[in-house]
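Data block below; observations after.
The values are calculated or read from the model by the stated rules, or taken from the named source; none is laboratory data. Since the structure is predicted, the reported quantities are computational estimates derived from the model, not experimental observations. Here the Cβ is made from the backbone with ideal geometry for all residues, glycine too, and neighbour counts use every protein chain on show.
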Amino acid sequence: MPSPFPDPTPPFPGWVRREYRLSRPVIREDIAAFLGNEEIYIRETAYGPVNIIHKYGLLELHCVIGEPVTETWFAPGKGAYPADYLDALLSTRFD
């Protein structure tokens with residue numbers, strides 16, 4: 001099965017990529033909850049649309065509706081805060 005995140009490209013030079021398996025597939029309501037007041041970008045890929053949510057300059061969350069995995073890019077040099085923020089964000093929908 002091909003990856004829903006082909007050709008990983010960092011949103012900013014030096015950002016670090018991680019993929020996270022989720023407890024269930026992503027649904028539209030998850031994306032709306034993650035979005036908050038941020039803007040959403042949608043990148044069309046051969047696999048399908050990738051929903052991209054940039055969170056406060058700390059991380060960027062990439063989700064594909066129907067997939068139980070997310071691709072995340074972290075800003076380096078921010079310590080553990082981006083990872084802690086991501087854990088809290090994902091736990092609001094996937095715990």
Fill in: Hits in segment 25-60 - residues which are among the hydroxyl-bearing types (Ser, Thr, Tyr) and either out of contact with any strand residue (DSSP E or B) (no Cβ under 8 Å at 6 or more places or on another chain) or more than 21 Å from residue 13 (Cα to Cα) (or both)
45, 47, 56
Worksheet entry | Search result, residues across segment 31-84 that are under 10 Å from the mean Cα position of the chain (by Cα) and of a type in the set (Ser, Thr, Tyr) | 70, 72
Item to complete: Can you confirm whether segment 72-92 contains a residue that is more than 19 Å from residue 16 (Cβ to Cβ) and out of contact with any strand residue (DSSP E or B) (no Cβ under 7 Å at 6 or more places or on another chain)?
Response: yes
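Conditions (1) at pLDDT below 90; (2) under 17 Å from residue 59 (Cα atoms), marked per residue:
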{"residue": "9", "(1), (2)": "yes, yes"}
{"residue": "15", "(1), (2)": "no, yes"}
{"residue": "18", "(1), (2)": "no, yes"}
{"residue": "26", "(1), (2)": "no, no"}
{"residue": "31", "(1), (2)": "no, yes"}
{"residue": "34", "(1), (2)": "no, yes"}
{"residue": "37", "(1), (2)": "yes, yes"}
{"residue": "40", "(1), (2)": "no, yes"}
